[in-house]
Amino acid sequence: MTTLLALDTATEACSVALLHNGQVFSRYAVIPRLHAQSILPMISEVLAEAGIAKTAVDAIAFGRGPGAFTGLRIAVGVVQGLAFALECPVLPISNLAAIAQRACREYGAKHVAVAIDARMDEVYWGCYTLLDGEVQLQGIEAVLPPERAELPRGAADTEWFAAGTGWQAYAERIAVPVEARAPQLLPHAVDILNLAQGMWQRGEAISAQQAQPIYLRDQVATPKQP
C-alpha cells in the first residue's frame, strides 16, 4: 500500500500530512515566520505517530504555490532534500486547489472561487469544481487586481463558494456573486494529500530535480520606493 507524505508552507499556515496503511496522520498550525524551524519536527512527529521511518515514504507532495515567496522556497528546499535522500518522486499541488479542496471537505462546497491575498494590491485567483472527490480547475490560475476576478464562462447559474484570504482583504472589490464565504481558509496538507493521491494513481509524479515553486508573477517583491 502506498505511503505518501505531504507538506505545505506557502501561507501563514504550516502543515504536514502522512498517508500510511490507509490512515492519515497530520499536523497543522498557523505560525507566520516560523515555518523553517517547524516543518521538519512536524514531519518527524507524523512519521513517529505512524510508526514508520522516512524510507517507507513512496512520494512527497507539496504546496507548489502560489503563495509567499519565502514559504515556497522553504517547501521546495525541504521536499528536494528529502526526495533526493530517499530517492523518491514528488507531487506538486496548487495551493489554490488545496484551499478549494478544503472548502469541499469542511463545508460541502461543490464550486469554489479561491482568492489568496497576493499583496501589491492583487489576488491569486482560481475557480474549481468538485468532480469524483477531487477539485478540477475551471479556466486558469492567475494573479490580478481584485476587480478583474471573474467566474468561468457559463458559470452564472452555478452557486459558488468563496474561500481564501483574498476574500477578506478585498471583499468589496471582488465583484463575483457567491453564496457563502470562508475567508479564513488556508491550505492544509491533508487536502494536498487528497489531491496527490489522484496524481500518484495517474502516474503524474515528477523527479525531485523538477520540483519548482509557482509564483504566478515574475515580480515577487515590492519594489523599493525611489
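The values are calculated or read from the model by the stated rules, or taken from the named source; none is laboratory data. All figures in this text were calculated on a predicted structure; none of them were measured in a lab. FYI the Cβ positions are ideal-geometry reconstructions off the backbone, even for glycines, and counts take in every protein chain you see.
All conditions but one from (1) within 22 Å of MET199 (Cα to Cα); (2) touching a Cys at 6+ places or on another chain (Cβ under 8 Å); (3) small (Gly, Ala, Ser) apply to ALA83; the one that does not is (2).
Of the residues that sit in the stretch 151-173 and are in a loop (DSSP other than H, G, I, E, B) and in contact with a His (Cβ under 8 Å, 6 or more places away or on another chain), which one is surrounded by the fewest Cβ atoms within 10 Å (Cβ to Cβ)? Spell out how you get there, then give the answer.
Step one: list which residues in the stretch 151-173 are in a loop (DSSP other than H, G, I, E, B), which gives 151-160, 164-165, 170.
Right, trim to in contact with a His (Cβ under 8 Å, 6 or more places away or on another chain) and you get 155, 158-160.
Details: ALA155: 18, THR158: 15, GLU159: 12, TRP160: 23.
The selected residue is GLU159.
Strands (runs of 3 or more DSSP E) fully within the stretch 1-52 that include at least 3 residues being in contact (Cβ under 8 Å) with a residue 12 or more places away in the chain and farther than 23 Å from ALA68 by Cβ: 13-20, 23-30. Quick one: is VAL57 assigned by TED's automatic domain parsing to the domain that holds PHE161 and of a type outside the set (Ser, Thr, Tyr)? Against the criterion (assigned by TED's automatic domain parsing to the domain that holds PHE161 and of a type outside the set (Ser, Thr, Tyr)), VAL57 does not qualify.
Somewhere in the stretch 118-129, is a residue surrounded by fewer than 18 Cβ atoms within 10 Å (Cβ to Cβ), among the aliphatic types (A, V, I, L, M) and touching a residue at least 12 places away in the same chain (Cβ under 8 Å)? Before the answer, list the steps.
Here is the first cut: in the stretch 118-129, the ones surrounded by fewer than 18 Cβ atoms within 10 Å (Cβ to Cβ) are 119-121.
Cutting the leftovers down to among the aliphatic types (A, V, I, L, M) gives us 120.
From what is left, the residues that are touching a residue at least 12 places away in the same chain (Cβ under 8 Å) are 120.
Checked against the condition, which is being surrounded by fewer than 18 Cβ atoms within 10 Å (Cβ to Cβ), among the aliphatic types (A, V, I, L, M) and touching a residue at least 12 places away in the same chain (Cβ under 8 Å), the stretch 118-129 yields at least one hit.
Residue selection: GLN138 fails the criterion of being without any contact (Cβ under 8 Å) to a residue 40 or more places away in the chain, within 24 Å of ILE31 (Cβ to Cβ) and not in a helix (DSSP H, G or I).
Using the structure shown, decide if LEU72 is surrounded by 21 or more Cβ atoms within 10 Å (Cβ to Cβ), at pLDDT 95 or above and in contact with a Lys or Arg (Cβ under 8 Å, 6 or more places away or on another chain). Steps first, answer last, please.
Details: surrounded by 21 or more Cβ atoms within 10 Å (Cβ to Cβ): yes; at pLDDT 95 or above: yes; in contact with a Lys or Arg (Cβ under 8 Å, 6 or more places away or on another chain): yes.
Taking the combined requirement at face value, the residue satisfies it.
Contact map, the stretch 55-84: first residue under 14 Å from ILE214 (Cα atoms), second residue small (Gly, Ala, Ser) and surrounded by fewer than 16 Cβ atoms within 10 Å (Cβ to Cβ), Cβ cut-off under 6 Å, separation 6 or more or different chains; pairs are ILE74/ALA36.
Hey, any hits in the stretch 67-74 for a residue that's over 17 Å from the mean Cα position of the chain (by Cα) and not in a loop (DSSP other than H, G, I, E, B)?
Just the residues of the stretch 67-74 that are over 17 Å from the mean Cα position of the chain (by Cα), to begin with: none.
There is no residue in the stretch 67-74 that is over 17 Å from the mean Cα position of the chain (by Cα) and not in a loop (DSSP other than H, G, I, E, B).
Just one of the listed residues (ALA115, ALA97, ALA103, ALA85) is hydrophobic (A, V, I, L, M, F, W, C) and not in a helix (DSSP H, G or I), namely ALA115.
Taking HIS188 as the residue in question, decide whether it is surrounded by 15 or more Cβ atoms within 10 Å (Cβ to Cβ) and in contact with a Cys (Cβ under 8 Å, 6 or more places away or on another chain). Outline the logic, then answer.
Values: surrounded by 15 or more Cβ atoms within 10 Å (Cβ to Cβ): yes; in contact with a Cys (Cβ under 8 Å, 6 or more places away or on another chain): no.
Answer is no for this residue.
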